[in-house]
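Engineer: Here it is, the structure, as structure tokens.
The values are calculated or read from the model by the stated rules, or taken from the named source; none is laboratory data. All values reported here derive from a predicted model rather than from experimental measurement. Please note: Cβ atoms are built from the backbone with ideal geometry, for glycine as well, and neighbour counts cover all protein chains shown. Heads up: the accessible areas ignore ligands, DNA and RNA and are worked out on the full protein's heavy atoms, side chains in. Shrake-Rupley method; radii C 1.70, N 1.55, O 1.52, S 1.80 Å.
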Amino acid sequence: MRAIDGACVSFRCRRDLLRSCSVTNVHRLSRTDARQIAVRAQLLDARRPTDFLDVLRHLTMLQVDPTSAVAPSADLVMWSRLGSSYSPKDLQAALDDRTVVEYRAMLRPCEDMALYRAEMAQWPGTGDVRGYKQAQAAWVESNDSCRRDILDRLRASGPLTSREIPDTCARPWASTGWNNNRNVTMLLDFMAQRGEVAVAGRKGRDRLWDLADNVYLAAPAARPAEAVPDGVEEAETIRNDKRLRALGIARARGPECPVEPADVGEVGEAAVVDGVRGEWRVDPDQLDQPFSGRAALLSPFDRLLHERMRMLEIFEFDYALEMYKPVVKRRWGYYALPILYGDRLIGKLDSTADRDAGMLRVDAVHHDVPFTAAMAAAVDVEISDLGRWLQLDVVRAR
């Protein structure tokens with residue numbers, strides 16, 4: 001059983017620890033070292049955690065993706081760590097009482113929203129703001145009357161879905177893609193980034209919106225009170241530190257990711273990985289720790305493999321979600337689950353939950369490496385546990 005360290009360290013205490021650290025050496029890691037650090041940090045080693053909220057607080061977020069070819073991604077991520085003791089009702093209860101909230105398509109511990117409020121107040125940013133963000137801010141400003149109308153409606157009648165809010169935008173949102181002319185939806189998303197509104201729940205697949213203070217400040221006191229960081233820079237440092245503790249190893253700098261970065265700035269300590277170019281940052285708490293692995297079936301959106309370059313460079317694993325590809329171009333299946341064994345990603349499971357028929361249909365287990373008898377047996381155990389958790393009979397294709 002596993003207790004997750006650092007769950008109750010306050011923002012300011014963690015900041016002081018960061019400032020007191022001095023780095024004198026660059027750690028040299030093998031790819032095996034790097035993989036084991038990543039697996040252990042993601043709570044996928046043999047020491048399974050036992051508490052749902054502790055896991056979420058350590059991981060910092062779960063991606064919202066309602067695709068249920070097997071199960072929703074957030075539930076799969078939790079099952080991969082906790083096993084069949086995890087119930088999706090645990091997550092729903094935390095959402096209902098707002099211990100967990102949704103922000104930018106990620107489920108996050110509500111107390112972590114304190115790390116975003118200073119940034120929200122300065123949206124779209126200060127200094128050298130990227131051109132697309134300036135354009136977003138200009139679009140919001142041109143629709144200020146609609147923005148104010150939304151706030152008035154939420155004060156009077158919230159929570160509401162976007163469908164229940166009249167579109168009074170003076171200037172439509174122009175896009176060549178899915179969001180073209182989805183004016184209320186886009187405005188609500190930008191208002192969330194401004195800290196004015198927040199997702200208060202779901203009505204079916206539609207998000208329910210309310211005033212941000214009604215969501216973030218109404219959450220139960222599930223943890224000791226923690227101070228709000230002093231400004232954007234401090235909050236960003238704390239978020240980077242939390243991200244590094246969740247990932248174990250990450251790049252200091254990387255491509256811009258609008259929703260959640262994959263890099264971590266200067267937190268942690270410097271490291272190089274044999275056979276991989278460039279410098280990494282590593283969580284010093286993960287160095288020189290024993291490793292004992294296990295088998296695990298992962299969501300396609302699992303953070304162990306969320307950053308494609310890290311997945312290729314450290315795990316040497318080729319994978320892409322193929323649900324949007326034509327059937328004839330799929331190599332591994334509509335919603336194939338990556339297979340972890342020890343510190344290696346060794347294959348993909350092509351399976352589908354057929355709830356009407358009461359079965360988990362296993363169409364293929366794709367081997368990236370030859371499976372040993374121990375590998376095959378461990379993977380079979382995980383498939384059986386997945387069926388048990390889903391309350392479906394496992395049926396293998398002949």
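Engineer: Multiplying the sequence separation of residue 144 and residue 117 by 0.36 nm and subtracting their Cα-Cα distance, what value in nm do you get?
Structural biologist: Working: separation 27, 0.36 × 27 = 9.72 nm, distance 2.09 nm.
Length difference between fully extended and current span is 7.6 nm.
Engineer: Follow-up question, since we're still on this one. Can you tell me how much longer the chain between residue 104 and residue 391 gets when fully stretched, taken as 0.36 nm per residue apart minus their C-alpha distance, in nm with one decimal? Walk me through the numbers on the way to the answer.
Structural biologist: Working: separation 287, 0.36 × 287 = 103.32 nm, distance 3.13 nm.
Extending this stretch completely gives an extra 100.2 nm.
Engineer: How many nm separate the modelled label positions at residue 359 and residue 65, each set 7 Å beyond the Cα in the direction of the Cβ?
Structural biologist: 2.6
Engineer: Where does each of 325-333, 364-372, 74-82 land if you order them by average Cβ count within 10 Å, highest first? Don't skip to the end; give the middle numbers.
Structural biologist: On the way: 325-333: 12.0, 364-372: 14.3, 74-82: 23.1.
Result, highest mean first: 74-82, 364-372, 325-333.
Engineer: Search the structure for amide H atoms under 5 Å from the amide H of residue 106, placed 1.01 Å from N in the peptide plane, and list their residues when 5 or more places away or on another chain.
Structural biologist: Those qualifying (amide H under 5 Å, at least 5 residues apart or on another chain) are 64.
Engineer: Compute the FRET efficiency between residue 325 and residue 180 as 1/(1 + (r/R0)^6), taking r as their Cβ-Cβ distance and R0 = 22 Å, and round to the nearest 0.05.
Structural biologist: Details: r = 24 Å, r/R0 = 1.07.
For residue 325 and residue 180, the calculated efficiency is 0.40.
Engineer: In units of 2.2 N^0.38 Å, what is the alpha-carbon radius of gyration of segment 82-173?
Structural biologist: 1.42
Engineer: Using alpha carbon coordinates only, what is the Rg to Rh ratio of segment 31-115, with Rh defined as the Kirkwood radius? Mind showing how you got there, number by number?
Structural biologist: On the way: Rg = 13.3 Å, Rh = 13.6 Å.
Ratio value, two decimals: 0.98.
Engineer: A follow-up question, please. Under 5 Å between amide H atoms, partner at least 5 residues away or on a different chain: which partners does residue 393 have, H built in plane at 1.01 Å?
Structural biologist: For residue 393, whose amide H was placed from the backbone, the distant partners under 5 Å are 359, 360.
Engineer: For 217, 107, write out the residues from largest to smallest accessible area, computed with a 1.4 angstrom probe and no ligands counted.
Structural biologist: On the way: 217 125, 107 15 Å².
Listed by decreasing accessible area, they come as 217, 107.
Engineer: What are the ³J(HN,Hα) couplings of segment 329-343, residue after residue, when phi is run through the Karplus curve with 6.51, -1.76, 1.60 and θ = phi - 60°? Round to Hz, x for glycine and proline.
Structural biologist: Rounded to whole hertz, the list is 9, 7, 8, 10, x, 4, 9, 5, 9, x, 10, 9, 9, x, 10.
Engineer: Could you give the length gained by full extension between residue 374 and residue 130, i.e. 0.36 nm per residue of separation minus their alpha carbon distance, to one decimal place? Walk me through the numbers on the way to the answer.
Structural biologist: Values: separation 244, 0.36 × 244 = 87.84 nm, distance 5.13 nm.
My answer for the length gained is 82.7 nm.
Engineer: Near the amide H of residue 335, under 5 Å away, which other amide H atoms are found, from residues 5 or more places off or on another chain, if H is placed in the peptide plane?
Structural biologist: For residue 335, the qualifying residues are 351.
Engineer: Below 11 angstrom from the Cβ of residue 352, what's the summed charge of the other residues (Lys, Arg +1; Asp, Glu -1)? Please report the intermediate quantities before stating the final value.
Structural biologist: Values: positive: 355, 361; negative: 350, 354, 363.
That sum, taken over residues with Cβ under 11 Å, equals -1.
Engineer: What are the lysines whose alpha-carbon lies under 21 Å from the alpha-carbon of residue 325, with same-chain residues fewer than 8 places away excluded?
Structural biologist: 348
Engineer: Ignoring everything but the protein chains, give the 1.4 Å probe accessible area of residue 208 in square angstrom, nearest 10.
Structural biologist: About 30 Å², ignoring ligands and nucleic acids.
Engineer: Provide the three semi-axes, in whole Å and in decreasing order, of the ellipsoid equivalent to segment 123-243 as defined by the square roots of 5 times the Cα gyration tensor eigenvalues. Display every interim value, and only then the final one.
Structural biologist: Values: eigenvalues 137, 91, 33 Å².
Working through the eigenvalues yields semi-axes of 26, 21, 13 Å.
Engineer: Now for a separate question. What is the ratio of the Cα radius of gyration of segment 276-342 to 2.2 N^0.38 Å, where N is its residue count, to two decimals?
Structural biologist: Values: Rg = 14.8 Å, N = 67, 2.2 N^0.38 = 10.9 Å.
Relative to the rule-of-thumb radius for its length, segment 276-342 sits at 1.36.
Engineer: Here is a follow-up. What would the Debye formula give as log10 I(q)/I(0) at q = 0.12, 0.23, 0.24 Å⁻¹ for the alpha-carbon point model of segment 231-302, no solvent?
Structural biologist: These q points yield log10 I(q)/I(0) values of -0.39, -1.14, -1.18.
Engineer: Provide the packing ranking of 381-389, 190-198, i.e. peptides ordered by the mean count of other C-beta atoms within 10 Å per residue, highest first.
Structural biologist: On the way: 381-389: 17.9, 190-198: 21.3.
Result, highest mean Cβ count within 10 Å first: 190-198, 381-389.
Engineer: Hey, another quick one. Can you work out ³J(HN,Hα) from phi for every residue in segment 47-62, in order, using Karplus 6.51 cos²θ - 1.76 cosθ + 1.60 and θ = phi - 60°, giving whole Hz and x for Gly and Pro?
Structural biologist: 8, 4, x, 10, 10, 4, 5, 4, 4, 4, 5, 6, 5, 6, 6, 10
Engineer: With labels modelled as points extended 7 Å from the Cα through the Cβ direction, what inter-label distance (nm, one decimal) is found for residue 274 paired with residue 26?
Structural biologist: According to this spin-label approximation, the distance is 1.7 nm.
Engineer: I need the phi-derived Karplus couplings for segment 84-89: 6.51 cos²θ - 1.76 cosθ + 1.60, θ = phi - 60°, integer Hz, Gly and Pro marked x.
Structural biologist: Whole-Hz 3J(HN,Hα) from phi for segment 84-89: 5, 6, 7, 10, x, 5.
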